[in-house]
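> One structure follows; several queries about it will come next.
The values are calculated or read from the model by the stated rules, or taken from the named source; none is laboratory data. Everything numeric in this text was worked out from a predicted model, so none of it was measured. Cβ coordinates were reconstructed from backbone atoms using ideal geometry, including for glycine residues, and neighbour counts include every protein chain displayed.
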Amino acid sequence: MKYIHQTISDLMRSSPAQTEFYQAVEEVLNSLAPLLEKHTHYQQQAIIQRIVEPERQIMFRVPWVDDDGQIHVNKGYRIEFNSSLGPYKGGLRFHPSVNAGIIKFLGFEQIFKNALTGLPLGGGKGGANFDPKGRSDGEIMRFCQSFITELFRHIGPTTDVPAGDIGVGAREIGYMFGQYKRLTGNYDGVFTGKSLLWGGSLARKEATGYGTVYFAECMLKERKDSLNGKRCLVSGAGNVAIYTMEKLYQLGATPITCSDSSGTIYHDRGIDLKLVKQLKEKQRVSLAHYAESYPEAIYTEAAHYPEDGHAVWRYRADAAFPCATQNELTLMDAKALLTNDCKLVSEGANMPSTKAAVDAFIDAKIAYGPSKAANAGGVATSQLEMAQNASMQKWTFEQVDEQLKQIMQNIFISSSHAAKEFGHEGNLVLGANIAGFRRVADAMIEQGVV
Ligand code: NDP
């Protein structure tokens, strides 16, 4: 365990103030202890020191002009973390909270998540501390063009393939692709999450949410149970949350909450998904408007959240699907869920549960699907989009969805097997970390010290 302490204190010295990154590294290293004790060659090859250091970090200025002629400057990032299994792959996040530590934690997680899919994908992540809220289409377009005017020289269909994340959907991908094409003259699969009109894959938009629910179904099947008839808490109201709710309904479960940065909706008879899509995908307005259509639904403003926790996790339900953002589920929230008899947590967002919350779920032995396994369906389907682009083919929704389901099952099986192999049956945090790490580390060793 000495190496964990040593690694974290080295990172704190060399990369100061990156709290979320240390949190992600610590979780992975804690899980790896049984593997590293048994197979000492990983330590001899200095794999830990190499894997926590990104291969390349690109930071750049993003200047742009708003509709009133005012000049703004944001910080842009792309962290190309690890390419031992394939081209760097991971989304771009546009949110005011973005900083180097957040992008680094996301990129680090992405390495192991991508490895777990079994597909040829390296790990990377990027974004900007740009707030798209309240910006016009023209402002979004000019920001995206400026962002790509720098980033275009670092990405390509066989080097680094970005996708969406918080604040980046099909509209932003469209503007970024347009600028990339103008600068390079290339029409290639350099982004995933593209519009269906020009190179996107059917079922990519749905994939992360659907995959998180497929993963939950795998965990329940192992316990001789299913989602049918279950009442579910969902946080977030963006891409991942919406398609998590859609698949829950399809499998006979009922999502009774959703949330956004302004507040939480609780609707006892089940969330009206059509209305949420209208408010968040089309109108891009706050969930406060949901309550205008349904006076019986309870709306809690973000400001009214309990001090150390979130309103969304305080309702009684069988299962929870955190789909908003990192550290949105604290120890207090985890205790409330367990007290209310919640038996399953499947993470659509990246690292949504704090370390203490994760420990509480593992101790309680509920079905807990950590994000790097449970939400890997998004990136896996991005790889299916890359495969369609490279072969100039277009697969049906059913073909892509069937492959997604199979990949989620495989991730569940490899994580469960690794947990069992190292004496921690049922602990999918440990299993997913070991299974993902082993694939990357073995490739790194075979490729030499590079
Ligand atoms: P979206 O931007 O589509 O939606 C994010 C949702 O979370 C919105 O409802 C947003 O509220 C809410 N939210 C974001 N930040 C905060 C915050 N600090 N506090 C409260 N609410 C917040 O993003 P996605 O759905 O794509 O991403 C959600 C999560 O899933 C992220 O953790 C992302 O990294 C992860 N993920 C996404 C994948 C994808 O394919 N898109 C793949 C794998 C993981 P509001 O509407 O008010 O902005």
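> Given the structure, is Ile298 in contact with a strand residue (DSSP E or B) (Cβ under 8 Å, 6 or more places away or on another chain) and more than 29 Å from Arg171 (Cα to Cα)?
For Ile298, the condition - in contact with a strand residue (DSSP E or B) (Cβ under 8 Å, 6 or more places away or on another chain) and more than 29 Å from Arg171 (Cα to Cα) - is met.
> Now a separate question. For the stretch 73-98, give me each residue that is within 16 Å of the chain's Cα centre (by Cα), β-branched (Val, Ile, Thr) and more than 15 Å from the ligand (Cβ to nearest atom).
none
> Could you list all residues from the stretch 334-359 that are surrounded by fewer than 21 Cβ atoms within 10 Å (Cβ to Cβ), of a type outside the set (Asp, Glu) and more than 16 Å from the ligand (Cβ to nearest atom)?
Lys335, Ala336, Leu338, Thr339, Asn340, Lys343, Lys355, Ala356
> Are any residues in the stretch 79-134 outside any loop (DSSP other than H, G, I, E, B), of a type in the set (D, E, K, R) and either surrounded by fewer than 19 Cβ atoms within 10 Å (Cβ to Cβ) or in contact with a Lys or Arg (Cβ under 6 Å, 6 or more places away or on another chain) (or both), and if so, which ones?
Glu80, Glu109, Lys113
> Still on this structure: Of the numbered conditions (1) assigned to a helix (DSSP H, G or I); (2) within 22 Å of the chain's Cα centre (by Cα), Lys194 satisfies every one except a single condition; which is it?
(1)
> Checking Ile271 against (1) part of a helix (DSSP H, G or I); (2) within 16 Å of the ligand (Cβ to nearest atom): exactly one of these is not met. Which one?
(1)
> So Trp395 clears everything in (1) of a type in the set (A, V, I, L, M, F, W, C); (2) in contact (Cβ under 8 Å) with a residue 40 or more places away in the chain; (3) over 13 Å from Arg204 (Cβ atoms) except one condition, right? Which one?
(3)
> Within the stretch 62-78, how many residues are touching a Ser or Thr at 6+ places or on another chain (Cβ under 7 Å) and assigned to a strand (DSSP E or B)?
Number satisfying all stated conditions: 3.
> Of these, Leu197, Leu279, Leu275, Leu287, which one is among the aliphatic types (A, V, I, L, M), more than 30 Å from Ala419 (Cβ to Cβ) and not assigned by TED's automatic domain parsing to the domain that holds Lys365?
Leu197
> Identify the single condition in (1) within 13 Å of the ligand (Cβ to nearest atom); (2) at pLDDT 95 or above that Ala302 does not satisfy, given that it satisfies every other one.
(2) is the only condition that Ala302 fails.
> Quick one: which of Gly211, Gly252, Gly236 is within 15 Å of the ligand (Cβ to nearest atom) and outside any helix (DSSP H, G or I)? So that I can check it myself, show each step before the final result.
Values: Gly211 fails: outside any helix (DSSP H, G or I); Gly252 fails: within 15 Å of the ligand (Cβ to nearest atom).
Only one candidate passes the filter, namely Gly236.
> Which one is surrounded by the most Cβ atoms within 10 Å (Cβ to Cβ), of the residues in the stretch 160-189 that are of a type in the set (A, V, I, L, M, F, W, C) and away from the ligand (no atom under 16 Å from the Cβ)?
Pass one, the stretch 160-189, residues of a type in the set (A, V, I, L, M, F, W, C): 161, 163, 166, 168, 170, 173, 176-177, 183.
From the residues that got through so far, the ones that are away from the ligand (no atom under 16 Å from the Cβ) too are 177, 183.
On the way: Phe177: 22, Leu183: 14.
Going through the qualifying residues, I end up with Phe177.
> Taking the conditions exactly as written (in the same structural domain as Gly126 (by TED's automatic domain parsing), closer than 30 Å to Gly431 by Cα and polar (S, T, N, Q)), does Ser83 satisfy them or not? Break it down stepwise before answering.
On the way: in the same structural domain as Gly126 (by TED's automatic domain parsing): yes; closer than 30 Å to Gly431 by Cα: yes; polar (S, T, N, Q): yes.
So Ser83 fits the description; yes.
> Among the residues of the stretch 159-191, write down those that are acidic (Asp, Glu) and in a helix (DSSP H, G or I).
Of everything in the stretch 159-191, just one residue is acidic (Asp, Glu) and in a helix (DSSP H, G or I), namely Glu172.
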